[in-house]
Each structure stands twice: as C-alpha cells, then as structure tokens.
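The values are calculated or read from the model by the stated rules, or taken from the named source; none is laboratory data. Worth saying up front: this structure is predicted, and the values here are computed from it rather than measured. No Cβ is skipped: glycine too gets one built from the backbone with ideal geometry, and neighbour counts run over all protein chains shown. Ligands, DNA and RNA are excluded from the accessible area calculation, which covers all protein heavy atoms including side chains. Shrake-Rupley method; radii C 1.70, N 1.55, O 1.52, S 1.80 Å.
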Amino acid sequence: LRMQAVSKAWIENQAKPLVSESFVELVYEIGDPESLADATASDNGSAYFSNTDTIVNEIDETMIRYATFEQNLWKMDGSCRLLPEEPPYTGTGFVSDTICDENGLFTKNPVITISFSKVYSKVIPGITIRWGRVYEDYADTFKVTVYNGETVVKTVEISGNTEVITQVVEDIVDYDKITVEIIKWGTPYRRARIEEIFIGLKRVFGKKDIVSYQHTMSVDLLSGKLPKNEIKFEIINLNSEYNPLNPDSQAKYLIERQRIIAKYGFKIDGNIEWIKAGAFYLNEWDLPQNGFTATFTARDLLEFMNTNYTATVSNKSLYDLAIEVFTLANLPLNRDGSVKWVLDESLKNIMVENAELDNTLAEVLQMIANAGCCVIYQDRDEKLHIEPVTFVLSDYVISRSNSYKESELTLTKKLKSVNVNKGMAIVTNDVDGEEQRVENPLITASQAETVAIWVKEILKNRMIFKGEYRADPRLDPLDMVTVVNQYGSKPVVITEVVYKYNGAFRGTYEGRVIE
C-alpha cells in the first residue's frame with residue numbers, strides 16, 4: 001500500500017497555513033449499466049489499424065495521433081507517432097478505410113453499428129460520441145438511427161457540428177441496435193474517426209454545481225466487518241432538472257448502479273492538480289418536488305454483491321471460492337479490460353472443508369479475507385483487494401497545526417485471549433482482560449491458530465486516535481501516518497476517514513496505533 005501520488009508542490013501547499021483553492025469534480029454517467037455491458041461495435045469498412053470493437057467497451061484507452069497519409073495531418077513537430085509495423089495497433093478506435101474529398105464527403109458513408117443481444121426497455125437520454133479528438137477532427141453531418149429488430153424506432157440527423165465530443169440528446173427506448181452514419185466529415189481529405197460511443201450521456205458536476213459533498217471510507221483491520229466507501233452529494237436544482245414532476249426532468253433516467261467518477265484537485269502554480277477519488281455506483285437519490293437541490297448517494301462495488309450465496313463448501317481453496325463469488329457477482333470489467341479484483345496468492349494454500357454458507361456474496365468475501373488473515377478494501381482505481389497488509393509509515397503528518405482540535409486518545413479493553421471457533425484455537429495475550437471471539441465457518445483447524453495469532457497482534461495495540469482536521473484528500477484507510485498531540489507523536493494506521501467539502505476540504509479520521 002502507498003498513499004496517493006502527488007507532486008512536491010501539492011505537499012508544500014498542504015503545509016501552508018492557508019491552502020490554495022480546492023476542487024471536487026464528479027462525472028455522472030447517465031445510461032443503463034446492463035446495456036452498456038452488452039454493447040458490441042462493428043463497421044462497414046475500416047482501415048487495417050482500426051480497432052472498432054474498443055469504442056464501446058468503456059476501456060479508457062489512451063488515444064494516439066498516428067502519422068497516416070492524410071492532408072495536413074502529419075505535423076513535423078513530434079506530435080505524431082509512426083504506426084507499428086505489425087499488430088497489435090492500440091489507441092486508434094474506429095478509423096474508416098476511405099478518405100473524404102475536398103467537401104468532406106465519402107464515396108461510401110462510414111457506418112458504425114452498435115448491437116445488443118436483446119431489446120432494452122429502460123429509457124436512456126441519448127448517446128455521446130467522441131470523434132477524433134487527438135486529431136481535432138469531427139463529423140460535420142451525421143445520422144443516428146435506433147432499431148428494434150428491423151423496425152426503425154427513431155432517426156436523428158445533426159448537421160453543422162463543430163465539437164469533437166457530441167451529445168445526441170434524445171430519449172432512446174426499446175432498442176437492440178443503434179447505427180451512426182457519417183455523412184460529411186469536418187476536415188477535407190481525412191479518414192473518419194471515432195474514439196468512443198457512450199450509450200447514454202455524461203454529466204460533469206463541478207464546484208459551481210455542488211452544494212455539499214461527503215466521502216466516507218472505512219476498513220476493518222481484521223475483516224470483522226465489510227469495508228465502506230461511499231459518497232453523498234447535493235447539487236443545485238433551481239431549474240427543476242431533477243424534479244420528478246417536470247416532464248423534461250433527468251429523474252426518469254436515474255437507474256441504480258449508474259457510475260459516478262470523482263476526483264479532487266488543488267490549484268497549484270496556476271493549474272489544477274487532480275487526484276482520483278474513486279468510482280462509485282448510484283444507490284439512492286432524494287429529489288424533493290419543491291426543493292432547490294437534489295441529493296445522491298453512490299457506493300462501491302460491494303453494492304453488486306447483495307444476492308445470497310447458499311452452498312456447502314468443501315475441498316476448495318479460499319482463492320477459488322473468492323473467484324467463484326466474484327464471477328457470480330458479474331462485475332463490470334475495468335477500463336483496461338481486466339477484472340475488478342486483486343487476490344493474494346497465499347489464499348491458494350488455505351483450504352475450506354465442509355463449510356455451510358448462507359450469506360450474501362459480500363459477506364462471503366469478508367469471511368474469506370478474515371480466514372486468510374487478509375484485509376478487504378476497494379482502492380481508488382475501482383479494484384477490490386483481498387490481501388495481507390504490511391504497514392509502512394508514510395510522510396503524512398496530522399499535526400496540531402492542521403487539526404481543528406486536539407486529537408482524542410482512547411484505550412480499548414485489555415485483551416486476555418483470542419478464541420477461534422469456540423475453542424478450535426485459543427491464543428493467550430495477558431493474564432486478565434477480555435476474550436475476543438472469532439467465529440468463521442471458513443476457518444479450519446489447521447488455520448485456526450494462525451488466525452488467532454494474527455488477531456492478537458492487531459488487538460494488543462490498544463490506543464485509538466480520533467480527530468478533526470483540515471483534510472488533505474490523498475489520505476486513505478490503511479495508510480500509516482504520524483499523529484501529533486500535546487504529548488508527542490504516534491504511528492497510526494487509519495481505519496476510517498471522512499471528507500466533507502463545502503468549497504474547502506475538512507475531515508475526520510480514526511485509527512489504531514501500531515508499534
């Protein structure tokens with residue numbers, strides 16, 4: 001584990017009595033998560049280096065400006081790169097096999113077809129097309145056609161476009177195919193290019209839109225309970241954009257599990273330096289009819305794991321059980337096409353025997369982490385981890401100068417012993433105190449003592465620090481930081497942090513001293 005990487009200027013900014021202007025930005029993807037995951041793209045003719053299939057898979061691929069033989073494209077300023085001599089070709093998206101004429105017209109209009117395996121009936125507010133942005137190219141005139149089988153549901157033609165990212169705002173419903181036909185390109189003697197087609201719209205909420213914002217993160221060092229990663233934000237709704245009684249309201253497009261990407265920034269040397277806050281999935285919303293604001297709550301990937309897992313698990317490793325659970329959860333892929341989880345190899349060596357389970361998928365993952373002496377958490381790159389944690393002290397200091405009040409120190413009850421599965425293993429820590437019980441059907445007799453010792457080594461550290469401070473939003477649970485109070489300093493592993501933003505960051509933290 002390591003803290004979020006930031007520049008030296010960011011760190012110096014945080015050490016000042018007054019920090020520079022801060023920012024929160026939220027990108028809200030308004031679409032149907034199910035149809036997004038089902039979309040496939042094809043074309044009616046593309047260049048040999050084209051990658052049409054990538055334009056709908058939501059992989060945030062870095063697009064590359066290649067030096068292809070098109071008029072006024074190959075600038076001799078180092079901005080273009082030569083095509084590789086052989087595949088794979090990356091960073092291209094869709095590239096047409098024909099070049100337009102002096103008027104931007106093609107002998108054969110390029111057509112992109114987005115296909116789905118079934119008809120989707122949830123209404124979406126349109127589509128977003130990102131043209132050849134790295135070339136500063138776009139379609140001047142194009143047509144979007146929506147199909148249900150062979151029936152044309154809707155046709156929209158747009159002309160005079162001058163944007164490299166175009167939002168086609170039209171209700172789309174009962175569709176199993178969408179085509180984009182390029183009629184006229186904006187630059188003569190160029191190939192048509194599309195970097196991405198998003199089935200839906202993307203809204204960006206910035207500082208001027210956000211009334212209040214809160215980000216809550218917590219992790220249990222023993223995986224005794226599930227981690228939490230949640231954002232709750234309130235946006236201005238003066239124009240009744242989210243009033244359910246408004247016929248033009250965005251409220252009708254709200255669907256659970258729509259993705260929201262958050263990031264944090266500070267203005268440094270005239271520019272904004274951004275860091276990731278994470279990716280979250282819409283869970284709740286409050287849209288009062290006469291209110292001036294709308295409130296949304298979004299949570300982490302564990303929201304996909306509320307269905308039950310009921311089975312008798314025998315002769316299976318914790319690793320294989322975790323893979324089975326993640327597969328059943330049917331999580332979307334990461335933007336680079338990889339899966340959304342990271343499992344430690346040590347789980348392959350720990351077997352489960354005759355465990356009767358009737359728990360949610362999320363709870364099973366928590367039990368796997370506990371039985372494997374691991375911690376379960378989601379990182380800011382939208383990946384769930386189950387792995388052991390080694391604590392390394394960072395350069396981050398919560399001092400008296402950046403705290404609103406003196407940090408509070410409490411002591412947990414003295415630990416006498418750890419008892420795993422009602423006597424399967426008992427490890428003593430002290431002659432008196434409280435017995436910590438661990439009950440987990442995934443822990444076998446061969447693993448019980450290992451788990452008991454792991455629990456003891458964490459809980460014998462009795463000091464808990466809590467505080468309220470001027471938050472630097474690069475801090476995460478499991479980061480080990482130095483906390484300074486009137487009696488000195490202590491190394492603290494953060495277990496919970498809450499960021500609040502009302503034009504500036506403010507936060508609370510809690511953590512355990514590990515020495």
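General observations
- On inspection, Glu515 does not qualify as of a type in the set (Asp, Glu) and either touching a Phe, Trp or Tyr at 6+ places or on another chain (Cβ under 8 Å) or surrounded by 20 or more Cβ atoms within 10 Å (Cβ to Cβ) (or both).
- Flag set for Pro88, criterion: within 21 Å of Thr54 (Cβ to Cβ), open to solvent by 90 Å² or more (accessible area, probe 1.4 Å), in a loop (DSSP other than H, G, I, E, B) and at pLDDT 80 or above.
- Annotation note: Cβ proximity below 7 Å between a residue of segment 140-167 that is under 25 Å from Ser121 (Cα atoms) and a residue that is modelled with pLDDT of 95 or more and open to solvent by 70 Å² or more (accessible area, probe 1.4 Å) (sequence gap 6+ or interchain) occurs for Lys143/Thr155; Lys143/Glu157; Thr145/Val152; Thr145/Thr155.
- Within segment 91-138, being assigned to a loop (DSSP other than H, G, I, E, B), open to solvent by less than 10 Å² (accessible area, probe 1.4 Å), touching a Lys or Arg at 6+ places or on another chain (Cβ under 7 Å) and of a type outside the set (Gly, Ala, Ser) holds for Cys100, Trp131, Asp137.
- Hits in segment 55-79 (condition: of a type in the set (Asp, Glu) and at pLDDT 75 or above): Glu70
- Counting residues in segment 269-278 that are aromatic (Phe, Trp, Tyr), open to solvent by less than 40 Å² (accessible area, probe 1.4 Å) and either part of a loop (DSSP other than H, G, I, E, B) or at pLDDT 90 or above (or both) gives zero.
- Only residues that are open to solvent by less than 20 Å² (accessible area, probe 1.4 Å), in a strand (DSSP E or B) and closer than 30 Å to Glu195 by Cβ were counted in segment 5-40, giving 6.
- Residue satisfying condition, being farther than 30 Å from Ala67 by Cα, open to solvent by 70 Å² or more (accessible area, probe 1.4 Å), of a type in the set (S, T, N, Q) and part of a strand (DSSP E or B), within set Thr155, Thr145: Thr155
- Residue within segment 400-415 that is in a strand (DSSP E or B), within 29 Å of Asn485 (Cα to Cα) and modelled with pLDDT of 95 or more present: yes
- Long-range neighbours under 9 Å by Cβ, at least six apart or interchain, first residue without any contact (Cβ under 8 Å) to a residue 40 or more places away in the chain within segment 96-118, second surrounded by fewer than 19 Cβ atoms within 10 Å (Cβ to Cβ) and of a type outside the set (Lys, Arg): Thr107/Thr98; Thr107/Asp101
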